[in-house]
Amino acid sequence: MFENVLLPTDFSPDSQKVLEYVRDIPGVKKVILLHVVDATRASLRGWEHDPKIENAKILIKENQRMLEQAGLVADIKIETLVNTITRGNIPLTILEKAEREKTDLIVMGARGRNTIESILLGSVSANVTRHAKMPVLLMRFPPESCSMGSRPSLFSRILVPLDFSEPSRDALACLARIPAQRKVTLLHVVDKGESREEIQAAVGAAKENLAGIAHELAGRGREAEPVVHIGYPPDEITATADRLSATLILMSPKGEGWMRELRALIIGSTTSAVVRRAHRPVLITAGCSGE
């Protein structure tokens with residue numbers, strides 16, 4: 001489970017919404033709230049950053065109070081931190097903090113304050129995701145989450161896309177950290193085949209593979225429903241998540257396409273596309289296998 005959680009915040013609306021979901025994280029015992037003030041660029045006041053730092057300290061304390069008011073203070077140790085960087089960059093500072101603190105999970109909003117960059121995926125969250133050595137939970141918020149007091153738990157309905165590649169086993173290793181009573185759907189999308197026969201053969205093989213994985217999980221006390229679709233994986237994954245009202249998409253940072261194309265420096269194209277398109281939180285499972 002995720003005992004030690006790093007929660008970077010830029011005080012954007014998405015970052016503020018993330019605070020509501022911290023209590024849903026399985027096993028959380030410690031939350032570190034982190035805001036990084038970028039002193040490598042001039043502010044509206046020139047190179048004077050003290051007012052910005054002081055304002056950040058006030059806002060991050062308000063965030064701490066919000067977590068405590070949600071009833072987390074009894075079980076969770078909450079630390080607050082405002083870092084000022086004079087060289088390097090914000091994603092690197094977040095990742096260095098995560099490694100120093102032996103963080104089990106980084107949780108952050110998928111979009112930040114920069115409107116242009118947030119059209120696809122905020123540059124900070126994108127870079128943290130690309131280089132993290134631990135799981136990263138990028139929060140996107142489905143329409144039903146807007147109903148105050150009635151939203152389901154973050155980990156209650158989990159969709160796990162699998163392409164049967166070695167990296168995708170990370171997702172199953174991460175699933176093992178989550179209490180078994182959660183509803184799980186295993187999804188494979190067939191996206192290759194030169195003929196109807198080839199496609200149907202791929203569908204049959206995928207159903208057999210998923211059934212084997214579901215049987216393994218059942219032996220560990222976890223029920224999982226296997227589902228096979230045909231189409232473009234990012235579209236099928238996001239559409240299935242919406243259709244099932246999934247509360248979380250859990251997937252490996254790399255998959256078969258990454259292995260085929262040897263793109264070792266970026267997250268896999270399917271994962272990247274899902275993160276950009278999804279209306280659901282996406283947990284990217286780097287490092288869950290312990291490698």
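The values are calculated or read from the model by the stated rules, or taken from the named source; none is laboratory data. These numbers come from a predicted model, not from an experiment. Glycine also receives a Cβ, built like all others from the backbone with ideal geometry; neighbour counts cover every protein chain displayed.
Going by what's in this entry, would A241 be described as among the small types (G, A, S), crowded, with 23+ Cβ neighbours inside 10 Å and at pLDDT 90 or above? Here the answer is yes, as A241 does meet what is asked. Across region 9-21, the number of residues qualifying as within 16 Å of K61 (Cβ to Cβ) and either of a type outside the set (S, T, N, Q) or out of contact with any His (no Cβ under 6 Å at 6 or more places or on another chain) (or both) comes to 5.
With a requirement of 2 or more residues that are out of contact with any helix residue (DSSP H, G or I) (no Cβ under 8 Å at 6 or more places or on another chain) and among the aromatic types (F, W, Y), none of the strands (runs of 3 or more DSSP E) lying completely within region 126-196 satisfies it. Comparison of A180, A171, A176, A201 shows that the only residue that is in contact with a Lys or Arg (Cβ under 7 Å, 6 or more places away or on another chain) and small (G, A, S) is A180.
Quick grid of which residues meet (1) surrounded by 22 or more Cβ atoms within 10 Å (Cβ to Cβ); (2) modelled with pLDDT of 90 or more; (3) over 22 Å from S245 (Cα atoms):
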{"site": "P167", "(1), (2), (3)": "no, no, yes"}
{"site": "A180", "(1), (2), (3)": "no, no, no"}
{"site": "K192", "(1), (2), (3)": "no, no, yes"}
{"site": "R196", "(1), (2), (3)": "no, yes, yes"}
{"site": "V203", "(1), (2), (3)": "no, yes, yes"}
{"site": "I213", "(1), (2), (3)": "no, yes, yes"}
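The set of residues in region 243-256 being basic (K, R) and either within 14 Å of the chain's Cα centre (by Cα) or not in a helix (DSSP H, G or I) (or both) consists of K254 alone. Within region 122-145, identify whether any single residue is modelled with pLDDT under 85 and among the β-branched types (V, I, T), and answer yes or no. So far as region 122-145 goes, yes, one or more of its residues are modelled with pLDDT under 85 and among the β-branched types (V, I, T). Applying a threshold of 8 Å to beta carbon distances and a minimum spacing of six or more residues, or different chains, the list of pairs starting in region 6-33 at a residue that is closer than 16 Å to I94 by Cβ and ending at one that is surrounded by fewer than 22 Cβ atoms within 10 Å (Cβ to Cβ) and acidic (D, E) reads L6/E101; V31/E79; I32/E79; I32/E101; L33/E79.
Here is a yes/no grid of residues against (1) surrounded by 13 or more Cβ atoms within 10 Å (Cβ to Cβ); (2) in the same structural domain as T9 (by TED's automatic domain parsing); (3) at pLDDT 75 or above; (4) not in a helix (DSSP H, G or I):
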{"position": "N55", "(1), (2), (3), (4)": "yes, yes, yes, no"}
{"position": "Q64", "(1), (2), (3), (4)": "yes, yes, yes, no"}
{"position": "L67", "(1), (2), (3), (4)": "yes, yes, yes, no"}
{"position": "D75", "(1), (2), (3), (4)": "no, yes, no, yes"}
{"position": "I78", "(1), (2), (3), (4)": "yes, yes, no, yes"}
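The set of residues in region 206-242 that are part of a strand (DSSP E or B) and closer than 14 Å to D163 by Cα comprises P226, V227, V228, H229, I230.
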